[in-house]
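Read-outs: derived from the displayed coordinates by stated rules, not from any lab. If you're wondering where the values come from, they're calculated on a predicted model, not measured in any experiment. A quick note on method: Cβ atoms are made from the backbone with ideal geometry, for glycine too, and the neighbour counts reach across all protein chains shown.
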Ligand code: FES
């Protein structure tokens with residue numbers, strides 16, 4: 001480098017050699033930035049097939065009950081009986097109870113992951129008592145058997161598709177808030193919670209009641225659960241005492 | 001330099017530098033999001049969550065580039081133009097990291113009855129676990145340091161705090177980088193099926209460490225070449241012609257200080273090798289318009305008194321020189337700051 005090449009940043013113009021080098025560096029860095037972004041972006045955590053069609057509100061008519069979370073049993077357009085969890089729009093459960101099953105119409109948007117369905121209600125006033133409609137019968141819980149399940153503790157709303165992805169460590173704070181807000185808690189039993197085939201039974205206490213906020217600290221953690229698997233309509237849940245839930249990592 | 005301060009003294013070069021930076025960051029983020037969507041068109045992560053991750057990754061990559069510019073400029077002068085406006089990269093890095101943080105806090109900790117910041121600080125109490133560690137705190141620490149550095153990156157703060165305190169503050173870039181690597185390794189990579197993100201964090205840290213090691217080794221080798229010898233308390237510099245015209249030879253006093261001995265024609269002068277601005281190596285600069293010009297950001301000092309030309313007021317130490325038997329010597333004790341030290345004349349130009 002000769003003296004004329006000496007770079008002084010406050011000079012109005014850099015030397016030709018510096019300009020050539022900087023142009024090359026700018027092009028190189030630009031191409032590297034695009035390439036690195038694409039390589040990293042293509043290999044992120046898969047969210048799974050869940051989806052929340054938030055602006056697509058429909059009216060559902062069925063039986064609203066608390067079992068153990070707020071849920072609606074209804075007939076879909078093909079006449080099949082379906083069970084859907086019913087939640088609010090934020091990270092809180094709806095301030096609605098249904099101590100005994102009652103017939104209602106609900107205007108809500110669907111959060112759907114495969115067969116798993118959740119209805120998100122933007123306003124409690126969207127739930128209206130209904131009369132005269134033919135309602136499906138309340139489901140009888142069936143005990144599937146004792147089980148040991150290993151997986152990640154998730155909040156069902158995010159995992160069903162409210163968040164994409166709605167699991168994993170970065171999502172822990174969100175899952176903890178949902179659990180503190182008394183939204184349904186589930187156990188994603190797959191080692192890859194983003195897989196289309198992954199299932200997530202609800203996690204309830206030994207009596208079938210919600211664990212509630214005490215499980216918030218377990219959010220997004222790998223856990224092992226010893227309990228009893230119970231099916232109630234479309235909803236699968238594992239009943240386990242708090243002492244039978246063990247953190248693995 | 002310290003006459004008056006403007007937020008940015010725009011030049012075409014700075015505009016170009018910032019345009020390339022903006023293109024690089026936006027290009028990285030856009031290609032990250034586009035690749036995330038096109039990798040699984042029917043079941044891709046939400047755009048907002050992709051943006052959150054893309055911004056975090058962009059801040060990390062940009063920070064890595066920032067930390068590589070210093071060693072690169074020590075290895076080759078060609079990188080000096082990147083060093084000149086490095087603070088623009090630092091401020092951009094803070095802005096990108098802050099956007100990543102804001103988006104993450106709103107998305108993951110908002111939409112609930114608890115204050116998002118309270119949720120952020122209380123959601124994960126697992127400080128006793130490595131894999132479960134609340135990585136958010138590492139990010140908060142890094143962001144606080146990045147903010148401090150971005151807020152004090154202007155020369156106004158350098159003049160106010162003094163170069164040593166300012167430099168010490170900005171050396172916090174290294175702990176901040178370590179915090180970001182840990183934030184990534186204990187956060188997003190914990191759930192990733194692909195090892196690519198973890199590898200990127202590891203590779204970034206390894207490259208930064210290797211570049212600093214290589215630059216340090218090169219510096220040490222250079223110091224050995226210019227080792228000074230003493231005679232009557234003076235340091236032997238060598239024959240005047242060993243010093244290129246308008247350039248310097250750097251002499252190590254052996255007491256931790258370095259002196260830049262300049263020759264301009266027949267005039268020999270000596271000033272501290274340490275620039276008042278950010279400690280740049282004045283001995284690697286050159287004399288322009290009669291002033292020693294720092295290679296890093298172009299601060300200038302008159303060789304005979306070490307004072308910046310008006311209207312600037314920065315000062316560095318000067319050292320007495322003498323020529324005995326055709327050889328240049330420099331005294332290791334500086335003259336009082338601002339005092340004129342007469343140049344030695346070689347008798348030939
Ligand atoms: S270190 Fe900035 S001009 Fe010398």
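Normalised by the number of residues in chain A, the mean separation of alpha-carbon contacts (under 8 Å, six or more apart) gives a relative contact order of 18 percent. Can you tell me the 0 to 90 degree angle between the C-alpha axis of helix B:196-225 and the longest principal axis of chain B, rounded to 10? That works out to roughly 10 degrees. With a ≥ b ≥ c the root eigenvalues of the C-alpha gyration tensor of region A:185-230, is it rounded (a/c under 1.5), prolate (a/b larger than b/c) or oblate? Cα axes put region A:185-230 in the oblate bin. When the convex hull of its Cα atoms is viewed from all sides, chain A shows a mean projected area of 20.2 nm². Between residue B:88 and residue A:137, the modelled labels are 7.6 nm apart [label points 7 Å from Cα along Cα→Cβ]. Shielding of peptide A:45-55 by partners, expressed as the average count of other chain Cβ atoms within 10 Å per residue Cβ, is 3. Taking the longest Cα principal axis of chain B as reference, the axis of helix B:12-39 is set at about 30 degrees. As a proxy for reagent exposure, A:205, A:80 were ordered by neighbouring Cβ count within 10 angstrom, fewest first; the result is A:80, A:205. Rounded to the nearest 10 degrees, the angle from helix B:86-109 to the longest Cα principal axis of chain B is 20 degrees. For the options B:35, B:173, B:43, a Gaussian network treatment of chain B with springs between C-alpha atoms closer than 10 Å singles out B:43 as fluctuating the most.
Rounded to the nearest whole Å³, what is the per residue volume of the convex hull around the Cα atoms of region B:232-320?
Hull volume normalised by residue count: 90 Å³.
The protection proxy used here, the mean number of other Cβ atoms lying within 10 Å of each residue, ranks peptides A:35-47, B:122-134 as follows, highest first: A:35-47, B:122-134.
Computed from the C-beta positions of residue B:37 and residue A:58, the FRET efficiency with R₀ = 25 Å rounds to 0.40.
Every Cα-Cα pair of chain B was included, and the share exceeding 34 Å stands at 39 percent.
Taking only Cα atoms and a 10 Å spring cutoff, compute GNM fluctuations for chain B and point out the largest among B:259, B:180, B:37. Looking only at B:259, B:180, B:37, the largest GNM fluctuation is found for B:37.
Which FRET efficiency, nearest 0.05, do residue B:144 and residue B:22 yield, Cβ-Cβ r, R0 22 Å?
0.35
Highest average first, the peptides A:184-195, A:8-19 ordered by how many other beta carbon atoms sit within 10 Å of their residues are A:184-195, A:8-19. Here the alpha carbons of the protein assembly as shown define both size measures, Rg and Dmax, at 32.9, 117 Å. Legend: mean number of C-beta atoms from other chains within 10 angstrom of residue C-beta atoms, peptide B:292-301, equals 2. So, how do all the Cα-to-Cα distances of region A:113-176 break down into 5 Å bins, in percent, from 0 on up? Pairs per bin, as whole percents: 3, 11, 13, 14, 20, 15, 12, 7, 3, 0. Exposure proxy ranking for B:167, A:169, based on other Cβ atoms within 10 angstrom of each Cβ and starting from the fewest, stands as B:167, A:169. Using the Cβ-Cβ distance between residue A:99 and residue B:128 with R0 set to 41 Å, the FRET efficiency works out to roughly 0.50. Mind grabbing the base-10 log of I(q)/I(0) for region B:116-268 at q = 0.19, 0.20 Å⁻¹? Debye formula, identical points on the C-alpha positions, no solvent, two decimal places. Relative scattering, expressed as log10 I(q)/I(0), comes to -1.20, -1.24. In this simple spin-label model, placing a label point 7 Å from the Cα along the Cα-to-Cβ direction at both residue B:219 and residue A:226 gives a separation of 6.0 nm.
Site pair residue B:342 and residue B:7 shows an inter-label distance of 5.1 nm when each label is modelled 7 Å from Cα along Cα→Cβ.
Computed over the alpha-carbon atoms, region A:142-247 gives an Rg to Rh ratio of 0.93, Rh here being the Kirkwood radius from the mean inverse distance. The ranking of B:75, A:65, B:171, A:163 from fewest to most other beta carbons within 10 Å of each one's beta carbon is B:171, B:75, A:65, A:163. Structural size metrics of region A:51-129, computed from C-alpha coordinates, are Rg and Dmax of 11.4, 32 Å. Considering helices alone, the calculated mean residue ellipticity of the protein assembly as shown at 222 nm is -11500 deg cm²/dmol, with DSSP H runs of length four and up weighted by -39500 (n - 2.57) and normalised per residue.
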